[in-house]
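Colleague: Take this structure first; my questions come after.
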Amino acid sequence: MEFENISLKEGIRLSRDKQHYILMDVREEDRYKEGHLEDALSCPYGILKDCYEQMIGKKIIVYCDFGGQSMMAARHLRKDGFEVYNIIGGVYYYMEEKAKNQMKTKRK
């Protein structure tokens, strides 16, 4: 079985069930620090296996900026036996829009 591609909206909805799901940001640490989805854990693609202990017994939702890196991460995780969901298309535009909205709010 391959991993499942899901929308950002579906990924956020699923990630609210913290008992069964874990949301993983597979971008580099500096990108994570610039902004990430609420409750997402940082686990850069290059050190993915270092995070396996945190993932045991959970369904994994992965994302990156545009979807390519998270797709590779999803393949590796699935190969290693995890149930994986990939947020297709990434979160770059969502995070950019969120930042713009926060700036508008601060100006008021």
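The values are calculated or read from the model by the stated rules, or taken from the named source; none is laboratory data. Predicted model only: the values in this text are computed from it and were never measured. All Cβ positions, even for glycine, are placed from backbone atoms using ideal geometry, and neighbour counts span all protein chains on display.
Table: residues versus (1) aliphatic (A, V, I, L, M); (2) part of a helix (DSSP H, G or I).
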position: K18; (1), (2): no, no
position: D30; (1), (2): no, yes
position: H36; (1), (2): no, no
position: I47; (1), (2): yes, yes
position: E53; (1), (2): no, yes
position: V62; (1), (2): yes, no
position: F66; (1), (2): no, no
position: Q69; (1), (2): no, yes
position: L77; (1), (2): yes, yes
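Colleague: Quick one: is V26 in contact with a helix residue (DSSP H, G or I) (Cβ under 7 Å, 6 or more places away or on another chain), modelled with pLDDT under 95, among the hydrophobic types (A, V, I, L, M, F, W, C) and buried (at least 18 other Cβ atoms within 10 Å of the Cβ)? Full working, then the answer.
Modeller: Values: in contact with a helix residue (DSSP H, G or I) (Cβ under 7 Å, 6 or more places away or on another chain): yes; modelled with pLDDT under 95: no; among the hydrophobic types (A, V, I, L, M, F, W, C): yes; buried (at least 18 other Cβ atoms within 10 Å of the Cβ): yes.
Criteria not met by V26.
Colleague: Related question: Just checking, how many residues over the stretch 24-64 are without any contact (Cβ under 8 Å) to a residue 12 or more places away in the chain and among the aliphatic types (A, V, I, L, M)?
Modeller: Of the residues in that region, 2 qualify.
Colleague: Within the bounds of the stretch 74-82, is there any residue that is surrounded by fewer than 15 Cβ atoms within 10 Å (Cβ to Cβ) and either free of Cβ contacts under 8 Å to residues at least 24 places away in the same chain or within 12 Å of the chain's Cα centre (by Cα) (or both)?
Modeller: Among the residues of the stretch 74-82, at least one is surrounded by fewer than 15 Cβ atoms within 10 Å (Cβ to Cβ) and either free of Cβ contacts under 8 Å to residues at least 24 places away in the same chain or within 12 Å of the chain's Cα centre (by Cα) (or both), which makes the answer yes.
Colleague: Could I ask something else about it? So, in the stretch 1-16, exactly how many residues are of a type outside the set (D, E), closer than 20 Å to R75 by Cβ and not in a helix (DSSP H, G or I)?
Modeller: So the answer is 5.
Colleague: Suppose we keep only residues that are over 16 Å from E2 (Cβ atoms) and under 12 Å from the mean Cα position of the chain (by Cα) within the stretch 49-67. Which one would you say is surrounded by the fewest Cβ atoms within 10 Å (Cβ to Cβ)? Even if it seems obvious, please write down each step before you answer.
Modeller: Step one: list which residues in the stretch 49-67 are over 16 Å from E2 (Cβ atoms), which gives 49-58, 63-66.
Within this subset, residues satisfying the condition of being under 12 Å from the mean Cα position of the chain (by Cα) are 63-66.
Details: Y63: 32, C64: 25, D65: 19, F66: 15.
Looking at residues that are over 16 Å from E2 (Cβ atoms) and under 12 Å from the mean Cα position of the chain (by Cα), I get F66.
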